[in-house]
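Data first, discussion second: the structure below is written as structure tokens.
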Amino acid sequence: MEKSELLVKERDLVTPGDILAKGLDYIPSAGSYRAGTDVKSKFLGLVRLKEKIISVTPINGVYIPKPGDGIIATVSDLQNTFWILDVNSPYDAILPISEATPERIEQGTDLSIFFDVGDVVYCKVLNVSKSKNTSLTMDDYRAKKLIGGRLMTVAPSKVPRIIGKEGSMIELIKRYTGCQITVGQNGVVWLKGLNEALAAKTILMIENEAHKEGLTERITTMLQKEGTETIVKQEEEIQ
């Protein structure tokens, strides 16, 4: 049996077809695939490693954090004084205790009582260093844990079109799908409600056809045909 070997490091730039690892000990994830006993890259992008799992984040359309951005992030790890969050970027971000809650937290407190691995939160980008180390904050009136629902990702550059002028497109989708919808500037969208599948289908259609004329009319026609007009509790949308 071929000896397993990792050939790349975290955040290495790779091109399509590059061999990232040899052997069956390494597992391909998003942006990578297995070819025989090798793991190869699908994209021009940056390598991400988590134990034996290898993924590649495409450079094209990737989210680069900026201070003040409202984003949707997923907790991926806990340390003694901070959480590590996946922000749909080549760069992980940290949420320090001091930015997570106004409460005084005693040393040694189990941080999972506040946020645990897998939790989804809306938060804001606080700082980004020159080396792209990113810190987050929950110090915003819209910041909260998002319970249930589903997540989907879109190109961050398409977020303004998905939201629409003064939130008009999102309001249209909410009305005919019965869903609460929150859109992060990092291209992560949270959906929860009666017809999440139709909401997701509509958002993907907007992403794919954002450059075409008459999109609003086509979206309206589809939603009127496939959805049911509903009043949905107001949620924050972040542009």
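The values are calculated or read from the model by the stated rules, or taken from the named source; none is laboratory data. Model, not experiment: these values are computed from the prediction. Reconstructed Cβ throughout: ideal geometry from the backbone, glycine too, with neighbour counts over all protein chains shown.
Can you name the number of the only condition in (1) within 28 Å of L46 (Cα to Cα); (2) in contact with a strand residue (DSSP E or B) (Cβ under 7 Å, 6 or more places away or on another chain) that L78 fails?
(2)
Within the range 110-146, which residues are free of Cβ contacts under 8 Å to residues at least 12 places away in the same chain and of a type outside the set (K, R)?
Kept after step one, since they are free of Cβ contacts under 8 Å to residues at least 12 places away in the same chain, are these residues of the range 110-146: 110, 113, 129-131, 141.
Within the range 110-146, D110, I113, S129, S131, Y141 meet the criteria.
Among the residues that make up the range 1-14, is at least one of them part of a loop (DSSP other than H, G, I, E, B), of a type outside the set (A, V, I, L, M), under 17 Å from the mean Cα position of the chain (by Cα) and not assigned by TED's automatic domain parsing to the domain that holds T134? Spell out how you get there, then give the answer.
Residues of the range 1-14 that are part of a loop (DSSP other than H, G, I, E, B), as a first pass: 1-4, 7-12.
Now restrict to residues that are of a type outside the set (A, V, I, L, M): 2-4, 9-12.
Next cut, under 17 Å from the mean Cα position of the chain (by Cα) only: none.
Checked the range 1-14: no residue is part of a loop (DSSP other than H, G, I, E, B), of a type outside the set (A, V, I, L, M), under 17 Å from the mean Cα position of the chain (by Cα) and not assigned by TED's automatic domain parsing to the domain that holds T134.
For the range 60-79, give me each residue that is of a type in the set (A, V, I, L, M), surrounded by fewer than 18 Cβ atoms within 10 Å (Cβ to Cβ) and over 13 Å from S157 (Cα atoms).
L78 - this is the single residue of the range 60-79 that is of a type in the set (A, V, I, L, M), surrounded by fewer than 18 Cβ atoms within 10 Å (Cβ to Cβ) and over 13 Å from S157 (Cα atoms).
Being in contact (Cβ under 8 Å) with a residue 12 or more places away in the chain and within 19 Å of G149 (Cα to Cα), is that true of even one residue in the range 203-217?
For the range 203-217, residues in contact (Cβ under 8 Å) with a residue 12 or more places away in the chain and within 19 Å of G149 (Cα to Cα): present.
Only one of these is touching a Pro at 6+ places or on another chain (Cβ under 9 Å), outside the structural domain of V128 (by TED's automatic domain parsing) and not in a strand (DSSP E or B): I64, I54. Name it.
I64
Which one of these is at pLDDT 95 or above, under 20 Å from the mean Cα position of the chain (by Cα) and surrounded by 13 or more Cβ atoms within 10 Å (Cβ to Cβ): I84, I19? Outline the logic, then answer.
Details: I19 fails: under 20 Å from the mean Cα position of the chain (by Cα).
Testing whether each residue is at pLDDT 95 or above, under 20 Å from the mean Cα position of the chain (by Cα) and surrounded by 13 or more Cβ atoms within 10 Å (Cβ to Cβ) leaves just I84.
Quick one: how many residues across the range 22-38 are in contact with a strand residue (DSSP E or B) (Cβ under 6 Å, 6 or more places away or on another chain), over 19 Å from P90 (Cα atoms) and assigned to a strand (DSSP E or B)?
Counting residues in the range 22-38 that are in contact with a strand residue (DSSP E or B) (Cβ under 6 Å, 6 or more places away or on another chain), over 19 Å from P90 (Cα atoms) and assigned to a strand (DSSP E or B) gives 3.
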